[in-house]
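What follows is a set of notes on a single structure, which appears directly below.
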Amino acid sequence: MSVLGLAWRSLKQRRLSSLLTAVSIALGVALTIAIMALRSGAEDSYHDTARGYDAILGPTHGSPLQIVLNTMFHVGDAGGTLPWQAYEDALIDPSVRYAVPYAVGDMYHGHHVVGTSPLMFKALEDAEGVALGKDVRGRIFKAGKKWECVVGSMAAAETGLLRGVKMRVTHGQGVVEHGETWTVVGILRPTGTPADRAIFIPIETFYEIGDHAAAGTATAESKRKRKEELDKARKAKAKAEKEHGHAHDDDGHKDDDHGHAHDDDEDKDDDHGHAHDDDGPNDDGDEHDGDEHDGHDHGDGHEGHKHGTKEELGLSAIGIRLKSPILRLKYVADIRNERGAVQAVMPQDQIRELFAIISPLGELLTWIVIMMVIVAGIGTMVSLYNTIQGRRREIAILRAVGARPHHVFSIIVSEALLLCFFGGIVGLLVGHATVIVIAPYLLQKAGVFLYAGFGALDLWILLVLLGFGLLVGLLPAWQGLRTPVAENLHPTD
Amino acid sequence: MLALDVPSLTLAPGERVGMRGESGSGKTTLLNVIAGILRADAGVVEIAGEAMTGRSETARDALRAKHIGYLFQTFNLLPGLTALENVQLGMTFRPRTGVAPRKAAEDALARVGLSDRRSYRPAQLSVGQQQRVAIARALAGHPTLVLADEPTSSLDATRAAQCIDLLLEFAEESGAALLLVSHDVGLLQHFERVETLELPVTEGSHA
């Protein structure tokens, strides 16, 4: 029978006390794991996601952080809209590699419905650098195709959406459904990004959503304004084409109400600037100002708007990938200097600032759980120390049958080590299980992907814990050493 | 302070010696000094040619583990261990002899007739069974010397007789010398040689 075996049997003999001590250690370790996973997961997740775009163009009256969170993490409201023209400008900007439009505000069973272009699935990547559009079950919707959608993996799992299934969306968090239906044509692989919990529709269809019963409510003034805007847009398009020497390519879009589609993200320059006036709702005199439709409360930056043309509604944001990250500062400065209805924000800077604000809280939490582990360790020491008083006879018997002082010392220290080891193992398991349980919730609510797997950190925690166990075992072991043998074996005659 | 007055006492290998003494005469103290649990201030204790006295506590512990089997009045079995583990405990701290401790413990338990109780804890055993486990523990490792301190005082007469017979037989089989202290004259009749321990004297009179 080894020293470790004797220590184990001693712990078994004091089951309840040992169990409670180990549980206190386990709780401390579990909390440490959960907090650390939360911290690192949040930082990694946000930073990884924020790297998706070099800049995001959003409305000037929205906060930069709000723009980033809404666009990239599908959290909160858009905070307003920016003119469609900003998107067209971005498309012809020579420094821009990708410009991805976003129009948000509708939901499907708690999941954000994002109007965007197929380019998004190419522009954004997961943490390992694989494009979101890779390994899709089914396919990505085509630009200009109507009423198709792609569903994030988690959104699909939670809503039961499968390929071929039709769905209807609601305004914001409301229960009022739009009349239009989309067919699921693809389901993204689990990417560990906020895209997992969103549903994507062609941005063209976003502008066709709506109750068109209010047709004809638009005033003559609004129609005139609308016509002027469209004329202006045509001129802008012609000018852009002339400047860039690009042939207009509107094939496949003659029935489309947008004509700006990206032809499946291959070339941004061949499909922009088509400010068509044949949008479905407008064809039948449906032009109107959003303010006329109080009934629609998007709560997402489209408040009071009625879905209509892209020029009327504008966009929630535009994701910008530049041809080189070096251009980032200049691009943002240029947008800022234009002082238009658009502001450019750098997602990584916003996320860095966000974590600069909240990281002290994270550090505080970490210290609190470290203190919990220390308290649990002290509890272990007190528990062992107190048992020594009741174990004098046991120690004396061990010594009488030949155990040397270092054997007794080793047994007691081993007990502390075993408590810390098993408490630590259970704590690691519980901690990781907790992370697994809360990960989907956090991904859904905050766009944070938590890594629940084991790693080197777990080994370090266990090693530190064993060192700690050694430390807290010293005092009780020293007390055990001082146990007089003869007088504790039995009364002297 | 009192001091033990012990004249020269020598046990030959395999010899069985009873020691009689009144309560308070220091019988247990004498055994503890021989076992090295207590340090003798003066005098010499040697076991198999190795001096127990004059050694450090750790060295005395090691010598005790190597040579001595101790049978206590109150059995002193560890409550958290099974009968087999308690017997094994007697060999845990001994130098390795080539005999597997578990096998030796199983044999010893079989010798005292408790093979079927090997996985029982002391609380699940009768008093007589507990004492037999203690005998097995003291003798399983084939010690040079077995010290027995009032080993039957907790038993009734019948069980006491059975216990002493078992102890004597087992000690003889293993070749161990046996020194048993008791105030029970009847018990000491089993021994060919019986020594008497006088009451302690005031310190300084003897060493």
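The values are calculated or read from the model by the stated rules, or taken from the named source; none is laboratory data. Note that the structure is predicted; figures quoted are calculated from it, not measured. Here Cβ is always computed from backbone atoms with ideal geometry, including for glycine, and neighbour counts include all displayed protein chains. The accessibility values were calculated without ligands, DNA or RNA, using every heavy atom of the protein model including side chains. Shrake-Rupley method; radii C 1.70, N 1.55, O 1.52, S 1.80 Å.
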Which ones in region B:38-73 are buried (at least 18 other Cβ atoms within 10 Å of the Cβ) and at the interface with chain A (Cβ under 7 Å from one of its Cβ atoms)? B:Leu38, B:Asp61, B:Ala62, B:Arg64, B:Ala65, B:Tyr70, B:Phe72, B:Gln73
Given the condition part of a loop (DSSP other than H, G, I, E, B), of a type in the set (A, V, I, L, M), in contact (Cβ under 8 Å) with a residue 40 or more places away in the chain and within 14 Å of chain B (Cβ to nearest Cβ), answer yes or no: does some residue in region A:404-417 qualify? no
When the residues of region B:99-111 are narrowed to those that are aliphatic (A, V, I, L, M) and at pLDDT 85 or above, which ends up most open to solvent (accessible area, probe 1.4 Å)? B:Ala110
Can you confirm whether region B:5-14 contains a residue that is buried (at least 23 other Cβ atoms within 10 Å of the Cβ), touching a Ser or Thr at 6+ places or on another chain (Cβ under 8 Å) and more than 11 Å from chain A (Cβ to nearest Cβ)? no
Pick from region B:81-93, criterion open to solvent by 10 Å² or more (accessible area, probe 1.4 Å) and facing another protein chain (nearest Cβ under 7 Å), ranking: nearest to B:Pro143 (Cα to Cα): B:Gly90
Can we say A:Gly377 is in contact with a Ser or Thr (Cβ under 8 Å, 6 or more places away or on another chain) and either among the small types (Gly, Ala, Ser) or more than 23 Å from A:Leu20 (Cβ to Cβ) (or both)? no
Mind listing just one residue for me: the one in region A:31-44 that is of a type in the set (Gly, Ala, Ser) and open to solvent by 10 Å² or more (accessible area, probe 1.4 Å) and, of those, farthest from the other protein chains (Cβ to nearest Cβ)? A:Ala42
For region A:9-18, does any single residue satisfy the condition of being closer than 30 Å to A:Ala452 by Cβ and more than 14 Å from chain B (Cβ to nearest Cβ)? no
Of all residues in region A:366-397 being open to solvent by 70 Å² or more (accessible area, probe 1.4 Å) and either under 21 Å from the mean Cα position of the chain (by Cα) or polar (S, T, N, Q) (or both), the one that is modelled with the lowest pLDDT: A:Gln389
Over region A:72-85, the set of residues closer than 14 Å to A:Gly314 by Cα and either modelled with pLDDT of 90 or more or of a type in the set (Phe, Trp, Tyr) (or both) is A:Trp84
Examine region B:150-165 for a residue that is without any contact (Cβ under 8 Å) to a residue 60 or more places away in the chain and either within 14 Å of chain A (Cβ to nearest Cβ) or touching a His at 6+ places or on another chain (Cβ under 8 Å) (or both), and state whether such a residue exists. yes
Can you pull out the residues in region A:66-85 that are part of a helix (DSSP H, G or I), under 30 Å from A:Phe449 (Cα atoms), open to solvent by less than 30 Å² (accessible area, probe 1.4 Å) and of a type in the set (A, V, I, L, M, F, W, C)? A:Ile67, A:Val68, A:Met72, A:Phe73
Taking the condition of being β-branched (Val, Ile, Thr), in a helix (DSSP H, G or I) and open to solvent by 20 Å² or more (accessible area, probe 1.4 Å), how many residues in region B:126-146 meet it? 1
By residue number, the members of region B:15-35 that are within 10 Å of chain A (Cβ to nearest Cβ) and of a type outside the set (A, V, I, L, M, F, W, C) are B:Gly21, B:Glu22, B:Ser23, B:Gly24, B:Ser25, B:Gly26, B:Lys27, B:Thr28, B:Thr29, B:Asn32
Any pair with Cβ under 6 angstrom, 6 or more apart, that starts in region A:352-370 at a residue that is free of Cβ contacts under 8 Å to residues at least 12 places away in the same chain and ends at one that is part of a helix (DSSP H, G or I) and open to solvent by less than 30 Å² (accessible area, probe 1.4 Å): none
Go through (1) open to solvent by less than 80 Å² (accessible area, probe 1.4 Å); (2) more than 20 Å from the chain's Cα centre (by Cα) one by one and return the number of the condition B:Arg96 breaks. (1)
When you go through A:Gly62, A:Gly80, A:Gly76 one by one, which is the residue that is at positive phi, in contact (Cβ under 8 Å) with a residue 12 or more places away in the chain and in the same structural domain as A:Ile326 (by TED's automatic domain parsing)? A:Gly80
Say whether the condition of being touching a His at 6+ places or on another chain (Cβ under 6 Å) and either part of a loop (DSSP other than H, G, I, E, B) or modelled with pLDDT under 85 (or both) is met by at least one residue in region A:136-154. yes
Here the residues within region B:1-21 that are in contact (Cβ under 8 Å) with a residue 12 or more places away in the chain and more than 19 Å from the chain's Cα centre (by Cα) are B:Met1, B:Leu2, B:Ala3, B:Leu4, B:Asp5
A:Lys166 meets each of (1) under 24 Å from the mean Cα position of the chain (by Cα); (2) exposed (fewer than 15 other Cβ atoms within 10 Å of the Cβ); (3) among the charged types (D, E, K, R) with one exception, condition (1)
Residues of region A:86-128 being part of a loop (DSSP other than H, G, I, E, B) and either at pLDDT 90 or above or closer than 14 Å to A:Arg321 by Cβ (or both), in sequence order, are A:Asp93, A:Pro94, A:Ser95, A:Ser117, A:Pro118, A:Leu119, A:Leu124
Residue pairs within 6 Å by beta carbon, gap of at least six or interchain, first lying in region A:83-98 and over 24 Å from A:His61 (Cβ atoms), second part of a loop (DSSP other than H, G, I, E, B), listed first then second, are A:Ser95/A:Lys323; A:Arg97/A:Lys323; A:Tyr98/A:Leu119
